[in-house]
């Protein structure tokens, strides 16, 4: 008989990309994960994976099994939550996703309030970049995502949350600090995060529209990008909440070149074909209440509360 645990382990291995990564996420040993996968393959009578290492992928049977496994796990979560909701007191599970900057600077502050109000809710937060957010949104394994521009091609509801200003920043002694023409960016080094980062995509799109193709230095995190900018290695374009302390302390300066800061938005995103669970709806409300207190709050009086993409 196929067990719930087998499905959970299988789905996590597919999402994580490897048995080793999945074992770390599940807090079990790698041999335990491998044994669970073998048992599932024996139960189904077909191999689910083909290849090894980075070339490892799903077989046609694996693709089919993954689709049904994610749907089954999602339905079980919905059933569990529906029964819990009948009890009156808010409890159950809240599955969140936040892109890197939101996960580091936005969501934790709201979670603090939320957890104080609803201590019975089991909260799970996944922090990833924009491109890696597509899978969990598509297969419905998260309730809500907090991100900038939602991925195209999915039936999503995206509710504007907060203005997201992306500042062009550099060290105070960097030559760009005194620049007054956008062309100056072409000869300086642009410090960026990894491929798939939403902020990287935004700045590359903006510079590309100006015909600017700068030298790039790719760094693995917001922290590394800020540190490199402070040391004078180059310039970066980063969300205001990620650089606010450095700007206030004078460790970085915001360069007011034409078109900067870029103006974008944070959104609360969920699948349009799903009704939010009680914990998810309560967190959405908590996010909107928090955003209304912020200086970056949006004036949404002239537009609908959300839109479907």
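The values are calculated or read from the model by the stated rules, or taken from the named source; none is laboratory data. Here the structure is a predicted model, which is why all the values come from computation and not from measurement. Here the Cβ positions follow ideal geometry from the backbone for every residue, glycine too, while neighbour counts run over all protein chains shown.
So, residue 211, is that one free of Cβ contacts under 8 Å to residues at least 40 places away in the same chain, under 13 Å from residue 129 (Cβ atoms) and outside any helix (DSSP H, G or I) or not?
no
Which of the residues belonging to region 111-137 are assigned to a helix (DSSP H, G or I), out of contact with any strand residue (DSSP E or B) (no Cβ under 8 Å at 6 or more places or on another chain) and free of Cβ contacts under 8 Å to residues at least 40 places away in the same chain?
112, 116, 134
Can you tell me which residue in region 262-301 is modelled with the highest pLDDT, limited to those that are closer than 30 Å to residue 210 by Cβ and surrounded by fewer than 13 Cβ atoms within 10 Å (Cβ to Cβ)?
263
Looking at the structure I just gave you, is residue 152 part of a loop (DSSP other than H, G, I, E, B), touching a residue at least 12 places away in the same chain (Cβ under 8 Å) and not assigned by TED's automatic domain parsing to the domain that holds residue 196?
yes
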